[in-house]
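What follows is a short report on a single structure.
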């Protein structure tokens, strides 16, 4: 299969996914089990299609975990995962729905990291270098979420910052498993909130989230100098 053919197939797969997932969002009550079942099938199907199309490319990257024991890395992860716990407020969802969303976060993380980190970011990095690759991928990632997340500054801000955070980690480690795990845990923790009766205003979520990104940036450049 030629590269041109692979790219055409990838565009077709993504267009089908976007149209179908947005159809589900507009025609089924969002944040409900039925909506999530359908979206999970779509996510899993498209992820399998991408893996089949780009299997050799995906498997060509070998992860390294040499620098993840750094205090910078550990602290940044703690700040990152603290965000949903501090400001998450999904009190309106029943227990079953929240558990379902927590479980399906694995598929969400797998699909999105496969598309945006492994395929898009890696492709851009080989041509533009890591910094531009991470920033451009994160902008695409944020725009891609239009219509899929609440239309407010925090929703889009946290998508952008989280993407930069995960992009830095992936660029340094090339570990698909690591970024999928972090993405899935982060999303799952939102589903399990609130953990406090008096939930903090959601915009305060930028404090741990931006802190995580800045600490990870320091970790990343320290890693690059080694």
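The values are calculated or read from the model by the stated rules, or taken from the named source; none is laboratory data. Just so it is clear, the model here is predicted, and its values are computed rather than measured. A quick note on method: Cβ atoms are made from the backbone with ideal geometry, for glycine too, and the neighbour counts reach across all protein chains shown.
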#### Entry: Selection within region 24-36 - part of a helix (DSSP H, G or I) and touching a residue at least 40 places away in the same chain (Cβ under 8 Å)
25, 33, 36
### Failed condition for residue 65, given (1) part of a helix (DSSP H, G or I); (2) more than 17 Å from the chain's Cα centre (by Cα)
(1)
### Message
Being crowded, with 19+ Cβ neighbours inside 10 Å and under 14 Å from residue 63 (Cβ atoms) is the filter here; which residues of region 179-210 pass it?
### Response
179, 180, 182
### Summary
Residue set 67, 26, 54, 79; condition surrounded by 14 or more Cβ atoms within 10 Å (Cβ to Cβ) and over 30 Å from residue 208 (Cβ atoms); output residue 54
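Quick grid of which residues meet (1) more than 16 Å from the chain's Cα centre (by Cα); (2) on the phi < 0 side of the Ramachandran plot; (3) surrounded by 17 or more Cβ atoms within 10 Å (Cβ to Cβ); (4) at pLDDT below 95:
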| residue | (1), (2), (3), (4) |
| --- | --- |
| 75 | yes, yes, no, no |
| 99 | yes, yes, no, yes |
| 117 | no, yes, yes, no |
| 137 | no, yes, yes, no |
| 145 | no, yes, no, yes |
| 163 | no, yes, yes, no |
### Query
How many residues does region 211-226 hold that are crowded, with 19+ Cβ neighbours inside 10 Å and more than 22 Å from the chain's Cα centre (by Cα)?
1
### Task
May I ask you to list pairs of residues, at least six apart or on different chains, whose Cβ atoms are under 7 Å apart, with the first in region 95-107 being closer than 14 Å to residue 40 by Cβ and the second being not in a helix (DSSP H, G or I)?
97/32; 102/192
### Task
Using the structure shown, decide if residue 167 is under 30 Å from residue 23 (Cβ atoms), touching a helix residue (DSSP H, G or I) at 6+ places or on another chain (Cβ under 8 Å) and loosely packed, with under 14 Cβ neighbours inside 10 Å.
no
### Message
I'd like to check which helices (runs of 4 or more DSSP H) are fully inside region 115-226 and have at least 2 residues that are under 20 Å from residue 101 (Cβ atoms) and in contact (Cβ under 8 Å) with a residue 40 or more places away in the chain.
### Response
153-173, 176-191
